[in-house]
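Worksheet: one structure, shown below.
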Amino acid sequence: QVQLVESGGGLVQPGGSLRLSCVASGMIFSTYNMGWYRQAPGKQRELVAVITRGGPTIFADSVKGRFTISRDNAKNTVILQMNSLKPEDRAVYYCNGNNGQRNYWGQGTQVTVSS
């Protein structure tokens, strides 16, 4: 059974930082593209960042220069480092794993940016 478990969300002031972690189990982690998506209230889920199984990364324009994504295949972990957070970054953040045939989601972690 595949599980993606996110952690690290919370409340942060504008300009602050948060580090989201996603630990995967039940899958051959190194063969999956891993990503973070987010869904704000009343909006569709959108891509934030992806790190492919080979290492290249993709970022949404709205987070370029502020967020980084990394993976540790030995620990089955993908990290989203979020800096210079803005109120519009407020959303539920979801971890995703995709290998072209299978697609998995975590349960989500809430990020709130507010003073």
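The values are calculated or read from the model by the stated rules, or taken from the named source; none is laboratory data. Since the structure is predicted, the reported quantities are computational estimates derived from the model, not experimental observations. Cβ placement follows ideal geometry from the backbone for every residue including glycine, while neighbour counts extend to all protein chains displayed. Heads up: the accessible areas ignore ligands, DNA and RNA and are worked out on the full protein's heavy atoms, side chains in. Shrake-Rupley method; radii C 1.70, N 1.55, O 1.52, S 1.80 Å.
Data overview
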{"item": "Search result, residues across region 20-36 that are more than 23 Å from residue 46 (Cα to Cα) and part of a strand (DSSP E or B)", "result": "25"}
{"item": "Residues within region 1-24 that are of a type in the set (Ser, Thr, Tyr) and either at pLDDT below 95 or open to solvent by 50 Å² or more (accessible area, probe 1.4 Å) (or both), tallied", "result": "2"}
{"item": "Residue 108 being surrounded by 15 or more Cβ atoms within 10 Å (Cβ to Cβ) and either of a type in the set (Lys, Arg) or on the phi < 0 side of the Ramachandran plot (or both)", "result": "no"}
{"item": "Count of region 31-71 residues which are within 21 Å of residue 112 (Cβ to Cβ) and of a type in the set (Asp, Glu)", "result": "1"}
{"item": "Region 62-84, residues that are buried (at least 18 other Cβ atoms within 10 Å of the Cβ) and under 12 Å from residue 48 (Cβ atoms)", "result": "63, 67, 69, 78, 80, 82"}
{"item": "Unique residue being open to solvent by 40 Å² or more (accessible area, probe 1.4 Å), among the hydrophobic types (A, V, I, L, M, F, W, C) and at pLDDT 95 or above when the list is 58, 51", "result": "58"}
